[in-house]
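The values are calculated or read from the model by the stated rules, or taken from the named source; none is laboratory data. Computed from a prediction, not measured in an experiment: that's the story for all the values here. No Cβ is skipped: glycine too gets one built from the backbone with ideal geometry, and neighbour counts run over all protein chains shown.
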């Protein structure tokens, strides 16, 4: 079958005319799947790799077939017509369509360092194969021969996922558009990817890296972009040709990009050129007050992003993961992707809002909900200890009634009408007057005004109280606070950072790394310092002001974003502001709070070796993702981020005060 006929196959499948009629397709009914429908469920390292769901099933069902029959009956009654990724193969050919996960690159990205650009660490978004390795094409052909050839006549098979969440920037944390080039350049001499890069440069008239470095910046960016295009086209051409060689009858379903921003545009474009369907995992932000789904907190309506992607790729879209955990099930929900909600009722509202939003678009041919079963409350494994309420059912096999009822009604509506649902209508949210974290901190302050003291000796300053909290810093210093102490014990230091977006769309994460001024302020019984520090990127410079407040009788203190000023010659916008508590020890452990909450408290803490903690807590609406982590080089990343409610765009010389409060309590503890 020729490639163009696969779109006929897709349309026929959606019309109920391709494959087994029992798969439940009808005209305009999209693919409605669920991921990881498995008897075993997820393993838990802290339980000795036991699988709680498998143990429940073994004790509750007379046979595995009994579980399979009940599970399939449930899925069908809730209107699902497809098994998504990582489902038990024993569930196939029993009334639902399915897709096969090839994972072509993960196994290749292990062992010999010449085989990978980024090594597979057994968690998503770590692998990137060296597509220039002489064995890569043969490896992909072998995988396709083993997994595709035997299924070429399968009438219930929709198609194949090539891979899952590759790290297209070459390494976690690297620039999405330039990282691949930089990472390959940093490989040892003789690495086949680096040799391919040198050959690519020579064909571009660049004989060595010193010549490249002497090029104007825009030219360097263009070369890096061209190499990314070259790499993406090579990846998709090799993998898709292998699949079609061994099975020309089914769809190539892309490689499940890690979110809307999880791959550069070059990769999306190449996926659209070589694949039949473009797939991606998506964990957006559901604004229940406005009745709209945004691409992220404070972002743009997700349909505008979907439309741009579809225009770029020119192929149908399939969302291969999405979910919204809630906190009322016993799952901590501290790890893993997705916006969190307090209750199942809120979770259902968010899920229906997103499902209707996706299904309203003809070019979105369906979705796979993540996932069948909740993750263990004690987490999965050390590398990726996910512990969230993603499931349609609990670890005891009990369906979440509100959620499954919603899916059953929505899917029945889509099947019975034969029409896509209308896109939800955005509304103006009700006005709420809520106290900020800073207002609460100041209103709770009590004691004598003289309890908080400020001293300055030339450039050095100190703010302290009689409870033993001492903050020290200096004008000209790198950090806004050099020392945070409780009694004689050093907890850490503190700084400020922004995510700056250049006019060409390139993001930069920039610390304010030189204190320009410190001003003491007294408000009631509280003492504060207004610290202004400067920072810069290659093209931009800025000044960032934070207010640090100490109250009597407390060993926590308040940090607030006050102002940002563009001090450079180029315009930029701000996507995020960061409060950055750095721990006093190189490798502290982390005690997480619940990230990405829809309202409520966000928190995260470093835990020092003696049991003391140093972290951040905020209930401000702008607070988004509170995450503390240490990279492979031992660098601390205190990502306590706040998202502006309104866009912050600054021309040279302009400054602004955030329109919504951005503050957090820096929490310390005594030695335990």
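When you look at residue 493, is it surrounded by fewer than 19 Cβ atoms within 10 Å (Cβ to Cβ) and in the same structural domain as residue 584 (by TED's automatic domain parsing), yes or no?
Here the answer is no, as residue 493 does not meet what is asked.
Quick one: is residue 589 at pLDDT 90 or above and within 29 Å of residue 536 (Cα to Cα)?
Spelling it out, it is not the case that residue 589 is at pLDDT 90 or above and within 29 Å of residue 536 (Cα to Cα).
So residue 545 clears everything in (1) in contact (Cβ under 8 Å) with a residue 60 or more places away in the chain; (2) assigned to a strand (DSSP E or B); (3) out of contact with any helix residue (DSSP H, G or I) (no Cβ under 6 Å at 6 or more places or on another chain); (4) surrounded by 21 or more Cβ atoms within 10 Å (Cβ to Cβ) except one condition, right? Which one?
(1)
Quick check: anything in segment 522-533 surrounded by fewer than 20 Cβ atoms within 10 Å (Cβ to Cβ), touching a residue at least 40 places away in the same chain (Cβ under 8 Å), more than 30 Å from residue 331 (Cβ to Cβ) and in contact with a helix residue (DSSP H, G or I) (Cβ under 6 Å, 6 or more places away or on another chain)?
Yes, the conditions are met somewhere in segment 522-533.
Which of the residues belonging to segment 335-347 are closer than 23 Å to residue 287 by Cβ and in a loop (DSSP other than H, G, I, E, B)?
336, 337, 338, 339, 342, 343
Tell me which strands (runs of 3 or more DSSP E) are completely within segment 224-307 and hold 2 or more residues being at pLDDT 95 or above and closer than 23 Å to residue 125 by Cα, or say none if there are none.
278-281
Suppose we filter segment 204-227 for residues that are in contact with a helix residue (DSSP H, G or I) (Cβ under 9 Å, 6 or more places away or on another chain) and farther than 21 Å from residue 264 by Cα; how many remain?
Of the residues in that region, 10 qualify.
Which residue, of 167, 183, is in contact (Cβ under 8 Å) with a residue 12 or more places away in the chain, in a loop (DSSP other than H, G, I, E, B), within 24 Å of the chain's Cα centre (by Cα) and within 30 Å of residue 281 (Cβ to Cβ)?
167
Is at least one residue of segment 486-493 in a strand (DSSP E or B) and closer than 21 Å to residue 444 by Cβ?
Yes, that holds for at least one residue.
Of the residues in segment 381-397, how many are under 16 Å from the mean Cα position of the chain (by Cα) and free of Cβ contacts under 8 Å to residues at least 24 places away in the same chain?
So the count comes out to 0.
Could you look through segment 55-70, keep only residues that are touching a residue at least 60 places away in the same chain (Cβ under 8 Å) and closer than 27 Å to residue 123 by Cα, and pick out the one that is surrounded by the fewest Cβ atoms within 10 Å (Cβ to Cβ)?
56
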